[in-house]
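What follows is a single structure, written as structure tokens, with notes after it.
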Amino acid sequence: MSYVQRVVSNLQDKYAYEPIFLQAVQEVLQSLQPVLDKNPQYERYKILERIVEPERTISFRVQWIDDKGQIQVNKGFRVQYNSAIGPYKGGLRFHPSVNQGILKFLGFEQIFKNSLTGLAIGGGKGGADFDPKGKSETEVMRFCQAFMSELYRHIGATIDVPAGDIGVGGREVGYLFGQYKRLTQSYEGVLTGKNLLFGGSLARTEATGYGAVYFAQSMLEGKGQSLEGKKCAVSGAGNVAIYCCEKLYQVGATPLTVSDSRGMIYDPEGINMDVLKQIKEVERESLTRYVELVSSAVYTPVNEYPDGRNAVWSVPCYAAFPCATQNELNLEDARVLLANGCQCVAEGANMPSTLDAVHAFLKAGICYGPAKAANAGGVATSQLEMAQNASMQSWSFEAVDNKLHEIMRNIYMSAAETAKEFGEPGNLVMGANIAGFRKVANAMVAQGV
């Protein structure tokens, strides 16, 4: 049994109740065998056994009072996974599905994603099983304040710097930051994704979506192709999806779809950005509102999706951008995309494709950008926000966007060159995993046990 097989088998015995985490670990570790063969010191120093276990996992009770005066109780978490190359960095997710296994998967992925950016940031993730949907502004504020009243003990500008994720946008980050400042009497860059009025960075909101498109451009340029004039499918309707659509228009492509938890929009004339932003960023409503405002659009509710599939991926497209959530694109979805001529998949969400779907894309030889590479623009720009906070400066939108574009190009080059180095040119899954792993592993070896 190989080193990788022994570690995976051991984890399967210990964490059988955390299938999403096991999927993430298996995807990464299976692609590391070539670098492990060339570097036996990784096994000697038990790097795999150490890197798959978080340095620290914090769980806590969050108690808050709703608008009816009733006490509510939620579970909060922070998984501080790996700090070998910098302070823990990763988002906070507020969603009913949040549990320790989900956050371990996200935190594990974050280690390698952050490493790929070339910036000094380690991996972490956190959140709570709280659902902001249907809550009033004051209820969201009270919850955020209660959550931070525990979390503040464990974070700091050079210790752990959380950001937003699903359910945690600029509003929530503002409430969290305000409470942190009250509790610590310290004005520091301890959260990213902040309002521009108090240390936020221009282009941070747009960064993950823009970055996914920049990564897709780099992949296609490597094959002498382009997004210009092409039709694209996008899933999700949060920040990542919205600004992925926006950047697609800017590079001359046309996004045809968006989706949320209730259903999807297909607009053959291209997604109307003004309407989408009004519905999701201002009104915070379902996409059912879109068809009320745009006559060319067709709405398909989730209960009418093809059995076992995501209807977004039935729309013929040149490039697909999964920007919603994990495992939203399965093997059947991948087959339909490929049959319809899809030539490029760039992942804006975290691990949106199942392992079978990933293998199908790699076998087909299309441009496939795995999440830890293609969606690294958000965390990269968060680090740029940290740099601005540390120097008490504010950079222009153009300056941040140019740095983001350069970082995404460098991530692509690093993954592509590493894949070529290990004999599988074009396999950006292997390239990204090995490139991200090698930096962290070498730092762990250098720092001792």
Regarding residue 131, is this residue touching a residue at least 60 places away in the same chain (Cβ under 8 Å), surrounded by fewer than 22 Cβ atoms within 10 Å (Cβ to Cβ) and assigned to a loop (DSSP other than H, G, I, E, B)? no
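If we scan the stretch 236-251, do we find a residue that is in the same structural domain as residue 292 (by the TED database), farther than 20 Å from residue 304 by Cβ, open to solvent by less than 40 Å² (accessible area, probe 1.4 Å) and over 20 Å from the mean Cα position of the chain (by Cα)?
Going through the stretch 236-251, the residues in the same structural domain as residue 292 (by the TED database) turn out to be 236-251.
Still in the list and also farther than 20 Å from residue 304 by Cβ: 238-251.
Adding the requirement that they be open to solvent by less than 40 Å² (accessible area, probe 1.4 Å) leaves 238, 240-248, 251.
Next cut, over 20 Å from the mean Cα position of the chain (by Cα) only: 251.
Within the stretch 236-251, one or more residues are in the same structural domain as residue 292 (by the TED database), farther than 20 Å from residue 304 by Cβ, open to solvent by less than 40 Å² (accessible area, probe 1.4 Å) and over 20 Å from the mean Cα position of the chain (by Cα).
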Within the stretch 79-89, residues assigned to a loop (DSSP other than H, G, I, E, B) and open to solvent by less than 20 Å² (accessible area, probe 1.4 Å) come out as 84, 86
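Please tell me if residue 117 is polar (S, T, N, Q) and surrounded by fewer than 23 Cβ atoms within 10 Å (Cβ to Cβ).
Working: polar (S, T, N, Q): yes; surrounded by fewer than 23 Cβ atoms within 10 Å (Cβ to Cβ): no.
Considered against the rule, which asks whether it is polar (S, T, N, Q) and surrounded by fewer than 23 Cβ atoms within 10 Å (Cβ to Cβ), residue 117 comes out as no.
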Tell me which of these residue 2 doesn't satisfy, since it passes every other one: (1) modelled with pLDDT under 95; (2) surrounded by 20 or more Cβ atoms within 10 Å (Cβ to Cβ); (3) of a type outside the set (D, E, K, R). (2)
Criterion (open to solvent by less than 20 Å² (accessible area, probe 1.4 Å) and out of contact with any Gly (no Cβ under 8 Å at 6 or more places or on another chain)) met by exactly one of 387, 419, 380, 441: 441
Name the strands (runs of 3 or more DSSP E) wholly within the stretch 317-435 that hold at least 1 residues that are farther than 25 Å from residue 201 by Cα and among the aliphatic types (A, V, I, L, M)? 319-321, 344-346
Say we look at the stretch 178-195 and pick out the residues that are in contact with a helix residue (DSSP H, G or I) (Cβ under 7 Å, 6 or more places away or on another chain) and within 15 Å of residue 146 (Cα to Cα); which of these is most open to solvent (accessible area, probe 1.4 Å)? 183
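Take residue 343 and tell me if it is modelled with pLDDT under 95, touching a Phe, Trp or Tyr at 6+ places or on another chain (Cβ under 9 Å) and of a type outside the set (D, E, K, R).
On the way: modelled with pLDDT under 95: no; touching a Phe, Trp or Tyr at 6+ places or on another chain (Cβ under 9 Å): yes; of a type outside the set (D, E, K, R): yes.
Taking the combined requirement at face value, the residue does not satisfy it.
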Consider residue 220 against the criteria (1) among the aliphatic types (A, V, I, L, M); (2) farther than 28 Å from residue 321 by Cα; (3) surrounded by fewer than 22 Cβ atoms within 10 Å (Cβ to Cβ): it satisfies all of them except one. Which criterion is unmet? (2)
Given the conditions (1) among the hydrophobic types (A, V, I, L, M, F, W, C); (2) open to solvent by 30 Å² or more (accessible area, probe 1.4 Å); (3) within 22 Å of residue 434 (Cβ to Cβ), report the number of the one that residue 367 does not fulfil. (2)
If you check residue 392 against the conditions, is it surrounded by fewer than 24 Cβ atoms within 10 Å (Cβ to Cβ) and either in the same structural domain as residue 219 (by the TED database) or at pLDDT 95 or above (or both)? no
Only one of 76, 101 that is outside any helix (DSSP H, G or I), open to solvent by less than 30 Å² (accessible area, probe 1.4 Å), not aliphatic (A, V, I, L, M) and not assigned by the TED database to the domain that holds residue 362: 76
For residue 24, all conditions in the list (1) part of a helix (DSSP H, G or I); (2) surrounded by fewer than 22 Cβ atoms within 10 Å (Cβ to Cβ); (3) not aromatic (Phe, Trp, Tyr) hold save one; what is the number of the exception? (2)
Per the filter on the stretch 284-312, residues over 11 Å from residue 264 (Cβ atoms), within 28 Å of the chain's Cα centre (by Cα) and small (Gly, Ala, Ser) are 286, 308
Only one of these conditions is not met by residue 447: (1) surrounded by 22 or more Cβ atoms within 10 Å (Cβ to Cβ); (2) under 20 Å from residue 124 (Cβ atoms); (3) not small (Gly, Ala, Ser). Which number is it? (1)
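Please state which one of 345, 440 is out of contact with any Cys (no Cβ under 9 Å at 6 or more places or on another chain), touching a residue at least 12 places away in the same chain (Cβ under 8 Å) and not assigned by the TED database to the domain that holds residue 157. Steps first, please.
Values: 345 fails: out of contact with any Cys (no Cβ under 9 Å at 6 or more places or on another chain).
From the options 345, 440, the qualifying one is 440.
Hey, could you check the stretch 252-268 for residues that are of a type outside the set (Ser, Thr, Tyr) and open to solvent by 40 Å² or more (accessible area, probe 1.4 Å) and say which is farthest from residue 324 (Cα to Cα)? Steps first, please.
Keep residues of the stretch 252-268 that are of a type outside the set (Ser, Thr, Tyr), which gives 252-253, 255-256, 258, 260, 262-265, 267-268.
With open to solvent by 40 Å² or more (accessible area, probe 1.4 Å) added as a condition, the list becomes 262, 268.
Details: 262: 12, 268: 21 Å.
Result: 268.
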Conditions: (1) closer than 22 Å to residue 240 by Cα; (2) in contact with a Cys (Cβ under 8 Å, 6 or more places away or on another chain); (3) open to solvent by less than 50 Å² (accessible area, probe 1.4 Å). Residue 175 meets all but one. Number of the miss? (3)
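Starting from residues that are of a type in the set (Val, Ile, Thr) and under 15 Å from residue 231 (Cα atoms), keep the ones in the stretch 297-318 and report whichever is surrounded by the fewest Cβ atoms within 10 Å (Cβ to Cβ).
Here is the first cut: in the stretch 297-318, the residues of a type in the set (Val, Ile, Thr) are 298, 300, 302, 312, 315.
Then keep just the ones that are under 15 Å from residue 231 (Cα atoms); that gives 312, 315.
Values: 312: 30, 315: 20.
Residue satisfying both the conditions and the ranking: 315.
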Could you tell me which numbered condition residue 261 fails, if it satisfies all but one of (1) within 19 Å of residue 350 (Cα to Cα); (2) assigned to a helix (DSSP H, G or I); (3) hydroxyl-bearing (Ser, Thr, Tyr)? (2)
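Within the stretch 404-419, how many residues turn out to be farther than 20 Å from residue 122 by Cα and touching a helix residue (DSSP H, G or I) at 6+ places or on another chain (Cβ under 8 Å)? Spell out the reasoning first.
Step one: list which residues in the stretch 404-419 are farther than 20 Å from residue 122 by Cα, which gives 405-406, 409, 413, 416-419.
Narrowing further to those that are touching a helix residue (DSSP H, G or I) at 6+ places or on another chain (Cβ under 8 Å): 405, 409, 413, 416-419.
The total comes to 7.
The values are calculated or read from the model by the stated rules, or taken from the named source; none is laboratory data. The shown structure was predicted, so the numbers you read here are calculated from the model rather than taken from an experiment. Reconstructed Cβ throughout: ideal geometry from the backbone, glycine too, with neighbour counts over all protein chains shown. Note: accessible area is taken over every heavy atom of the protein model, side chains too, but ligands, DNA and RNA are not part of it. Shrake-Rupley method; radii C 1.70, N 1.55, O 1.52, S 1.80 Å.
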